[in-house]
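Working notes for the structure below.
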Amino acid sequence: MIIGVPKEIKNNENRVALTPSGAKELAKYGHDIYVQTNAGSGSGFSDTQYEEAGANILPDIKSVYGRSEMIIKVKEPIQEEYGLIREDQLVFTYFHFASYEPLTRAMIDNKSICLAYETVEKEDRSLPLLIPMSEVAGRMSVQEGAKYLEKPLKGRGILLGGVPGVRPAKVLILGGGIVGTQAAIMAAGLGADVTIMDISLPRLRYLADIMPANVNTYMSSEYNIRELLPSHDLIVGAVLIPGAKAPHLITRDMLKLMRPGTVLVDVAVDQGGCIETCEPTTHENPTYIIDDIVHYCVANMPGAVPYTSTLALTNATLPYALQLANKGWKKACQENKELKLGLNIIKGDVVYKGVSDAFDLPHHNVDNYL
Ligand SMILES: NC(=O)c1ccc[n+]([C@@H]2O[C@H](COP(=O)([O-])OP(=O)(O)OC[C@H]3O[C@@H](n4cnc5c(N)ncnc54)[C@H](O)[C@@H]3O)[C@@H](O)[C@H]2O)c1
């Protein structure tokens with residue numbers, strides 16, 4: 001198959017959908033890989049590394065789209081790319097269709113085959129192509145939180161791990177899923193005194209089993225959160241209710257319970273945030289202060305560490321990309337239910353219920369196309 005890897009053109013996006021190592025794997029099966037010049041530079045991969053792995057470098061985005069049967073990307077196509085995608089071309093990337101109608105309409109009009117990373121789903125309902133970015137954001141939340149606890153950055157001026165003879169900082173993590181677990185591992189590793197809250201008792205049992213001794217589990221409730229806020233230095237928001245806005249576990253009035261310089265990192269900002277005063281911020285200007293409390297609410301945290309994020313993402317996407325390339329999308333989706341759930345739009349027809357519901361579009365049965 002002819003596979004194209006364009007350079008991401010969305011503002012501040014430095015990830016790339018295929019590493020030189022991934023290119024080598026695809027090349028081994030005899031596929032032709034075309035990578036746009038400098039596509040990997042933001043993640044630290046040079047054109048030469050791709051060429052040595054067996055890929056060909058093309059000078060511009062138009063030639064990559066023009067030549068390829070399958071496009072592998074990271075972010076959803078933006079307007080400049082809509083017209084480059086053509087009938088029957090397979091596009092494997094994050095789309096997040098339900099949040100943006102113009103993109104949905106454009107992909108219907110160009111009659112391409114859109115397979116969305118975010119809806120590839122395993123039998124246990126986990127989302128294997130979203131997990132890596134949650135892992136990155138979870139680990140980063142503590143790194144960023146530790147930084148903003150420093151006095152020059154308006155924090156309380158407390159070192160997360162303390163030092164011999166001085167107590168460590170207290171970290172409270174709301175939500176013990178992927179983000180929360182990774183945040184707890186990082187905070188515990190730095191020596192902080194960590195509490196992780198969830199509403200799922202089985203999840204709390206599991207966390208209590210696997211976490212080191214400096215991590216305590218606690219049932220999440222408004223009463224319990226209010227009890228802990230006055231004594232904690234860093235609070236990480238990591239809750240998710242699938243398909244719904246995040247619940248406001250920390251309301252505006254609760255900011256008064258915290259000490260000045262406490263840092264809130266609301267990772268759930270992309271679902272509206274679990275802290276009422278959360279407003280999306282960017283890496284250029286990640287924080288703001290309300291009632292002396294530092295708020296960090298960056299909506300695309302993994303974007304700041306493109307090297308790690310690219311490797312984490314491509315570790316997860318490559319096995320699927322290989323199946324699509326080796327078998328063609330129809331056979332790959334017939335044989336792999338996880339991939340089949342990734343199909344959102346096929347040749348102008350919406351086949352994913354969440355997308356047709358979002359914009360009142362006719363829904364088509366995916367099996368009719370396989
Ligand atoms: N900002 C970013 O860059 C970024 C990156 C990745 C993920 N995220 C977001 O982070 C959030 C968490 O993602 P995840 O992958 O960890 O989800 P997850 O489904 O793995 O975990 C969510 C957890 O929240 C728990 N929960 C639900 N309601 C709760 C409550 N009232 N109190 C405490 N816990 C509660 C659930 O039981 C679950 O364990 C999502 O909103 C996701 O979109 C943001």
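Which lysines, if any, have their Cα less than 27 Å from the Cα of Lys330, not counting same-chain residues under 8 positions apart? Counting by Cα, and skipping residues close in sequence, Lys330 has these lysines nearby: Lys7, Lys24, Lys28, Lys62, Lys73, Lys75, Lys111, Lys122, Lys340, Lys347, Lys353. Contact order normalised by length for the chain, with contacts defined as Cα pairs under 8 Å and 6 or more residues apart; what percent is it? Reported relative contact order: 17 percent.
Seen from every direction in turn and averaged, the convex hull around the alpha carbons of segment 1-131 projects onto 8.2 nm².
Considered as an equivalent ellipsoid built on the Cα gyration tensor, the chain has semi-axes of 40, 22, 19 Å, the largest given first.
Projected over all directions and averaged, the alpha-carbon convex hull of segment 172-304 occupies 7.7 nm².
Under the criterion of Cα pairs below 8 Å and six or more residues apart, the relative contact order for segment 131-304 equals 21 percent. Per-residue ellipticity at 222 nm for the chain, helices alone: DSSP H runs ≥ 4 residues times -39500 (n - 2.57), over residue total, nearest 500 deg cm²/dmol? The helix-only estimate for the chain comes to -10000 deg cm²/dmol at 222 nm. For Tyr34, the amide hydrogen comes within under 5 Å of the amide hydrogens of Ile3, Gly4, Val5, Asn56, counting only partners 5 or more places away or on other chains and with H modelled in the peptide plane. Segment 109-123 and segment 146-171 have Cα centres separated by 44 Å.
For segment 226-294, the calculated P(r), taken from all Cα-Cα distances in 5 Å bins from zero up to the bin holding the longest distance, is 4, 17, 29, 26, 16, 7, 1 percent.
Counting only DSSP beta bridges with both residues in segment 131-304, the antiparallel share comes to about 20 percent. Bridging of Lys151 to aspartates and glutamates at a Cα separation below 17 Å is possible for Asp233, Asp291, Asp292, once same-chain residues fewer than 8 apart are set aside.
Values quoted throughout were computed directly from the atomic coordinates according to the rules given, and no laboratory measurement underlies them. Everything numeric here is computed off the predicted structure, so don't read it as measured data.
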